[in-house]
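Data block below; observations after.
The values are calculated or read from the model by the stated rules, or taken from the named source; none is laboratory data. The shown structure was predicted, so the numbers you read here are calculated from the model rather than taken from an experiment. Here the Cβ is made from the backbone with ideal geometry for all residues, glycine too, and neighbour counts use every protein chain on show.
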C-alpha cells in the first residue's frame, strides 16, 4: 500500500522508466513504482532484505546504507546531508545500476511517530532502452548527442575518468562536455544533475534556461 504522503507528492509514478523507491524510518522500504519492482525482482545485485535495500557486495551495501542514513537524517541533524550517487554491481556482469539517494522534504512535517517517507532512491538501469532519454535530453535541455551520452553515463554513477574511458575520449574532453551538460541543465554538481534529470522525466518543450526550442 502506498503511503498517503508519497501519493501526494507523486513520487511513486508507475509510468516512469526508472525505479523510484520511497524509504521511511531507518531506511525501510515503504513503496516503489513498477520499474523498481521489476529491477528488484531480478535480484541482479540489488534486492530487499528484511525491509531494507541491500546489494550483492558487502562494501556497496554499507555505502548505500550510509547514504540512506545521511539523506534521512537519522543522526538527529535532519537533512544535514544531501545524499549522493552510488554505482551498484550486478551479479550478471551487466552494466551497473546507478542509484541516487536523496532526502525527501515534504511540505507538511511527518507525523509524530515518524512513519512517513524520509528519503527516496532513484534507480537507473542502463540496460533499459535509452533512446527516449536522449530525445528528452535534447528536447528539454538542448543537449547534443555526445552530451546526452555523458548525461546518461552520469546517471549510471560514472565519474569524468569513467566517462572518458567509456567514450574513448580524453579526460579533458569528458570534463568539458560534463561542464556543458551542467550549464545547460542548470545543475551545480553531478549529484545535482542526477536529481534534476530524474525529477523531471516527462518535462517537454523547453531548452536551456527554460526557453522554448
> Just one of 64, 53, 46 is buried (at least 16 other Cβ atoms within 10 Å of the Cβ), assigned by TED's automatic domain parsing to the domain that holds residue 95 and either over 17 Å from residue 124 (Cβ atoms) or out of contact with any helix residue (DSSP H, G or I) (no Cβ under 7 Å at 6 or more places or on another chain) (or both); which is it?
Replying inline: 64
> Of the residues in the range 156-192, how many are within 16 Å of residue 99 (Cα to Cα) and either outside any helix (DSSP H, G or I) or touching a helix residue (DSSP H, G or I) at 6+ places or on another chain (Cβ under 6 Å) (or both)?
Replying inline: 6
> How about the range 33-108: which strands (runs of 3 or more DSSP E) wholly inside it have at least 2 residues that are over 17 Å from the mean Cα position of the chain (by Cα) and either over 21 Å from residue 196 (Cβ atoms) or modelled with pLDDT of 90 or more (or both)?
Replying inline: 46-49
> Would the range 140-153 turn up any residue that is assigned to a helix (DSSP H, G or I), modelled with pLDDT under 80, under 16 Å from the mean Cα position of the chain (by Cα) and not assigned by TED's automatic domain parsing to the domain that holds residue 90?
Replying inline: no
>> Condition (residue is assigned to a loop (DSSP other than H, G, I, E, B), outside the structural domain of residue 93 (by TED's automatic domain parsing) and modelled with pLDDT of 90 or more) applied to the range 193-213: is it met by at least one residue?
In response: no
> Of the numbered conditions (1) closer than 30 Å to residue 72 by Cα; (2) modelled with pLDDT under 90; (3) over 16 Å from the mean Cα position of the chain (by Cα), residue 156 satisfies every one except a single condition; which is it?
Replying inline: (3)
> Just a yes or no: is a residue in the range 1-9 in a loop (DSSP other than H, G, I, E, B) and either modelled with pLDDT of 90 or more or under 20 Å from residue 197 (Cα atoms) (or both)?
Replying inline: no
